[in-house]
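What follows is a short report on a single structure.
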Amino acid sequence: KDISVLILSLEMEVRQIKYVLDFQSKEWPENLDRTKVQVIDESGELIGYENLIFKHQPNVVIIDSLSELLEEGDNANDQAKRVMRWIRKIQRRYNCAVVAIHHNRKATEGNKKPNKLSDLYGSFHFARVVETVLCLWDEGKRLELSAIKTRFGPKDKFYVRRNEHLNYERVEDVGGQPGSSKQPTGGNPSQPGFSHRHGD
């Protein structure tokens, strides 16, 4: 089955995203064609984003970033509940996977590596209802990727590194063991679900 993707790029301009996609698409699977990836970089309301999802009917919706869906000034917990309810509605109504990029809290003296589930920035509601939370932690020449919440799989932790096509490859397990795969990470985008991916 062919896969179609809609990227709601609410932080980066569409030309920046397309620059990255032009490199990454060289390693994409055959059922994901470059023309099947639509990028939108216009800010708006949730109803406007839903209209775009209805128009494009994607298999996967990528939101960059979750915080851009929030409105300034309102109660943080109320906003988080509203946004998470909207995401669940999108999944069910349009039968698509939703991947949201989010951020963790800044490092402090008492917590120099805030990469736990409780370290998600903002309301606890973001982590409460999702199926999967993947954390990327920058260690300079490599990134630590850890599954800090999973309902349908193991809580793996390993290192990845960006290759010449700007995709990330698994290089070794945490603890020094060689990685079991040199294939680009990311799993099967045709499987429905919602995940946060957050970095430093």
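Here are the numbers for the structure shown:
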item: Test: residue in the range 47-54 that is within 19 Å of the chain's Cα centre (by Cα), over 22 Å from ARG15 (Cβ atoms) and among the charged types (D, E, K, R); result: yes
item: Unmet criterion (only one of (1) part of a strand (DSSP E or B); (2) modelled with pLDDT of 90 or more) for LEU166; result: (1)
item: Residue match in the range 117-124 (condition: part of a loop (DSSP other than H, G, I, E, B), open to solvent by less than 80 Å² (accessible area, probe 1.4 Å), in contact with a strand residue (DSSP E or B) (Cβ under 9 Å, 6 or more places away or on another chain) and modelled with pLDDT of 75 or more); result: no
item: Complete set of residues in the range 135-174 that are more than 15 Å from the chain's Cα centre (by Cα), open to solvent by less than 30 Å² (accessible area, probe 1.4 Å) and farther than 27 Å from TYR19 by Cβ; result: PHE158
item: Residue within the range 72-79 that is buried (at least 16 other Cβ atoms within 10 Å of the Cβ) and not small (Gly, Ala, Ser) present; result: yes
item: Index of the failed condition, GLU45 passing every other in (1) modelled with pLDDT of 95 or more; (2) closer than 21 Å to PHE126 by Cβ; (3) not aliphatic (A, V, I, L, M); result: (1)
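Quick grid of which residues meet (1) of a type outside the set (S, T, N, Q); (2) more than 14 Å from ILE90 (Cα to Cα); (3) exposed (fewer than 14 other Cβ atoms within 10 Å of the Cβ):
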residue	(1), (2), (3)
SER4	no, yes, no
SER9	no, yes, no
LYS18	yes, yes, no
LYS26	yes, yes, yes
THR35	no, yes, yes
LEU46	yes, no, no
VAL60	yes, no, no
ILE63	yes, no, no
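The values are calculated or read from the model by the stated rules, or taken from the named source; none is laboratory data. Computed from a prediction, not measured in an experiment: that's the story for all the values here. FYI the Cβ positions are ideal-geometry reconstructions off the backbone, even for glycines, and counts take in every protein chain you see. What goes into the accessible areas is simple: the full protein's heavy atoms, side chains included, and nothing from ligands, DNA or RNA. Shrake-Rupley method; radii C 1.70, N 1.55, O 1.52, S 1.80 Å.
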